[in-house]
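Visitor: Questions regarding the structure given below will be posed in turn.
Each value in this text was obtained by applying a stated rule to the coordinates, not by laboratory testing. Treat the numbers as computed from the prediction; the structure is a model and nothing was measured. As a convention, Cβ positions derive from the backbone with ideal geometry for all residues, glycine included, and neighbour counts pool all protein chains shown.
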Amino acid sequence: MNQFDPKRYYASKAREKAASEHAEEGRPALGPVARQVAQQYSRETMSPVMVSGVMRLVEFAVMFVMGVLLYLIYVGISAHLFWHYMIVVLAGSVLTVFLCEFTDCYQMPALRNPTGYLGRILFAWSATFAALSLTGFFLKISEDFSRFWFGAWYAAGFCALLVLRIVAAQLMRRWARNGTIERRAVIVGGGSNAEQLIRSIEQQPYNDIRICGIFDDRDNRRSPPVVAGYPKLGNIAELVEFARIARIDMLIVSLPMSAEARVLSLLSKLWVLPVDIRLSAHSNHLRFRPRAYSYIGSVPMLDIFDRPINDWDSVAKRLFDIVFSLIGIALFSPVMLAAAIAIKLDSKGPVLFRQKRHGFNNEAIEVLKFRSMYAEQCDPTARNAVTKNDPRVTRVGRFIRKTSVDELPQFFNALFGSLSLVGPRPHAVAAQAHNMLYEEVVDGYFARHRVKPGVTGWAQINGWRGEVDTDEKIRKRTEYDLYYIENWSLWFDLKILLLTPIRLMNTENAY
C-alpha cells in the first residue's frame with residue numbers, strides 16, 4: 001500500500017468543498033434541550049495535557065527544594081562546594097523528571113493510580129541517584145560530598161514524591177467527578193456506527209472523555225433520537241452554534257471513510273470551529289500506518305484538524321501578550337496622553353470609543369480605540385465604513401487614524417485578555433462589503449476566529465489594512481489570516497510585532 005497522509009488529504013478536500021459552497025445566512029436556533037446542554041458545558045475545563053505539564057513542574061520543584069533544604073540543614077551554607085551541590089541537585093531533579101516521562105509516569109492513568117506505578121517511580125528516582133553516584137565516582141569527586149546528605153535526599157525525596165502523587169490522585173478523582181478535568185467531545189453522525197464508537201470509548205480505563213451529545217443531519221428514521229443513552233441534539237448547522245456556547249474540545253465524526261462525499265460535506269462546515277476534529281477509524285476495515293492515528297485509549301482516530309494554539313502554546317502566547325503589552329503601554333504612554341488631550345480639545349465627546357467586534361470563537365468582544373469621529377456621528381456597528389475624506393472624521397481623528405495612534409488603547413485589551421497582540425484583526429459584528437456581511441463574501445470566514453484576534457496581524461504587515469471597499473480585500477485578509485493561524489509560532493508573532501512600526505509608515509490605505 002502507498003503511504004497515505006489522511007490528515008492532509010481530508011483537510012484539503014474539506015477546504016475545497018468549503019470553497020464551493022455558499023455560507024448559510026443567519027444563525028440557527030438551538031432547541032431547548034441542546035441549549036440547556038450547551039449551558040451546562042459552558043464552563044472552562046483543565047486540559048489533561050496542562051495538568052500533566054504542571055505535575056512535571058511541581059515534582060521538579062519539590063525535588064529541588066528538598067535537596068537544597070537538606071543541604072542547608074546538614075551541610076550548612078559555605079562557599080566551599082556550594083555551587084557543586086546546587087548543580088547536583090539541579091541535575092538530579094531534571095533527570096528524575098526525564099526518567100518519569102520516559103516511563104510514562106506523567107500519563108493520566110499514572111497520575112490517577114500512583115500505587116500501580118510505584119515501581120516505575122522508584123526506578124526513576126533510584127536510577128537518578130545511581131547515575132549521580134557513577135558520575136561522582138568517575139570524576140573522582142564523590143569524596144567531597146556528604147554521604148549522609150545524599151542518603152537523606154534519596155529517602156526524603158522519594159517519600160515526598162509518594163505523598164505528592166497520592167494527593168494529586170485524590171485531586172484528579174475529585175476533578176473528574178465535578179467535570180473540572182475532562183475532554184469534552186461531540187459525536188457527529190448517529191446510528192450503529194456512533195453506538196459502537198460510544199461503547200468503545202466508555203470501555204476505556206481511566207477515560208477522560210465526556211460525551212456531550214450527538215448531532216446528525218439525518219431524520220429520526222435513519223438516525224435514532226437517542227444512541228447509547230445520549231440524545232441527538234440537532235443537525236450540523238446547529239452544532240456550529242452549539243460549539244459557540246459550550247466549551248467543546250473535540251468533534252468525533254463517526255462516519256465510515258467510504259462515505260467520502262458526506263464526510264467532506266460535514267468537514268466543510270465544521271473546520272471553522274476552534275476544536276480538534278477526529279474521524280473515527282474504529283469501524284473501518286482499511287488500516288493505515290500506526291503513526292497515522294491518534295488514540296482515545298485503544299480506539300483509533302484519524303486527525304483531520306487540530307485546534308490551533310492549544311495547551312502550553314496558549315500559555316506561552318498569553319505570557320508574550322502580557323509582557324509586550326506592558327512594554328507597549330510604558331513606551332507609548334506619552335503618545336496616548338497627548339492623543340487623549342488633543343481629542344478632548346478638538347471636539348466634544350469621550351476620548352475612547354468602544355466597539356463590538358468578533359472575538360475568539362465568534363464571541364462578541366468590546367475593543368477600545370481613541371475616538372476619531374464626531375461623537376454624534378460615530379458608527380459602533382461599522383455598517384458604513386470610513387472612506388477617504390470622510391466628513392465624520394475629526395481633524396485630530398485624521399491624524400491618529402493615519403498613524404494608527406487610535407489603535408494604541410488596544411494594548412489594554414491585549415493585557416486583560418480580550419485581544420492578543422498578534423492575530424487576525426477583529427472586525428465589527430456588522431461590518432459589510434457592498435452591503436454584504438463579510439461571512440457572506442468569504443466562505444470559511446469564521447475560521448479566522450479559531451484563535452484570539454490581534455492588535456496587529458500578518459494581513460496588515462502585507463499591506464491589507466484600511467478601508468475594505470472590495471470583496472477582494474476581505475478575501476485577501478482572510479487568506480493571510482488563515483496562513484498565520486496554520487503557521488503560528490512565537491517567533492512568527494515576534495516578527496510581525498517588530499515589522500508593524502515599519503509597515504505603518506505606508507499610510508496609503510489608512511484614513
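Visitor: When the Karplus curve 6.51 cos²θ - 1.76 cosθ + 1.60 is applied with θ = phi - 60°, which whole-Hz ³J(HN,Hα) does each residue of region 86-103 get, with x for Gly and Pro?
Guide: For region 86-103, the Karplus curve yields 4, 5, 5, 4, 4, 5, x, 5, 5, 5, 5, 4, 4, 5, 5, 5, 5, 9 Hz.
Visitor: Would you please put 295-308, 241-254, 215-228 in order of how densely packed they are, using the mean number of other Cβ atoms within 10 angstrom per residue and starting with the highest?
Guide: Descending packing order for the listed peptides: 241-254, 295-308, 215-228.
Visitor: Related question: Taking θ = phi - 60°, what integer Hz values does the Karplus form 6.51 cos²θ - 1.76 cosθ + 1.60 yield along region 485-492, in sequence order, with x for Gly and Pro?
Guide: After applying 6.51 cos²θ - 1.76 cosθ + 1.60, I find 4, 6, 10, 4, 7, 4, 5, 5 Hz.
Visitor: Taking loop as defined by DSSP and a crowding limit of 10 other beta carbons within 10 Å, which trypsin sites (Lys or Arg not before Pro) in region 129-180 fit?
Guide: K140
Visitor: Same structure again: Quick one: of K348/K495; K348/K452; K317/K388; K402/K473; K356/K473; K356/K476, which pairs are farther than 30 Å apart, Cα to Cα?
Guide: The answer is K348/K495; K348/K452; K317/K388.
Visitor: Still on this structure: Starting from the 7 Å offset along Cα-to-Cβ, what nm value, one decimal, do you get for the label separation of K344 and I322?
Guide: If labels sit at K344 and I322, their model points lie 3.1 nm apart.
Visitor: Just need the Rg to Rh number for region 160-258, please, alpha carbons only, Kirkwood Rh.
Guide: 1.09
Visitor: Rounded to the nearest 0.05, what FRET efficiency do R210 and I329 have when you use their Cβ-Cβ distance and R0 = 35 Å?
Guide: 0.30
Visitor: Amide H to amide H, which residues 5 or more places from F305 or on other chains are under 5 Å from it, using H placed in the peptide plane?
Guide: I277
Visitor: Taking θ as phi - 60°, what are the ³J(HN,Hα) couplings along region 29-40 by the Karplus curve (6.51, -1.76, 1.60), each to the nearest whole Hz, with x for Gly and Pro?
Guide: Once rounded to whole Hz, the list reads 8, 6, x, x, 5, 4, 5, 5, 5, 4, 5, 4.
Visitor: While we're here: Could you list S265, S489, S280 so that the one with the fewest beta carbons within 10 Å of its beta carbon is first and the one with the most is last?
Guide: In order of increasing Cβ crowding within 10 Å: S489, S265, S280.
Visitor: For M373, list long-range residues whose amide hydrogen, built 1.01 Å from N in the peptide plane, is under 5 Å from its own amide hydrogen.
Guide: So M373 has HN proximity to T394.
Visitor: Also: Name the lysines eligible as straight-distance cross-link partners of K232: C-alpha to C-alpha under 20 Å, and not fewer than 8 places from it in the same chain.
Guide: Filter leaves K269.
Visitor: Over the C-alpha atoms of region 143-198, what are the Rg and the largest Cα-to-Cα span, Dmax, in Å?
Guide: Considering region 143-198 through its Cα atoms, Rg and Dmax are 22.6, 71 Å.
Visitor: Between Q170 and E143, what is 0.36 nm times their sequence separation minus the Cα-Cα distance? Round to one decimal in nm.
Guide: Taking 0.36 nm per residue and subtracting the Cα distance, the gain is 5.5 nm.
Visitor: Hey, another quick one. Would you calculate the convex hull of the Cα atoms in region 312-503 and tell me its volume per residue in Å³?
Guide: Value for region 312-503: 110 Å³ per residue.
Visitor: What share of Cα pairs, in percent, lie more than 25 angstrom apart in region 48-178?
Guide: 28 percent
Visitor: Taking H as built 1.01 Å from N, whose amide H comes closer than 5 Å to the amide H of I181, not counting residues under 5 places away?
Guide: Excluding prolines and chain starts, which carry no amide H, the hits are M46, A176.
Visitor: Please work out the Cα center distance from region 55-77 to region 392-417, rounded to the nearest Å.
Guide: So the separation of the two Cα centres works out to 50 Å.
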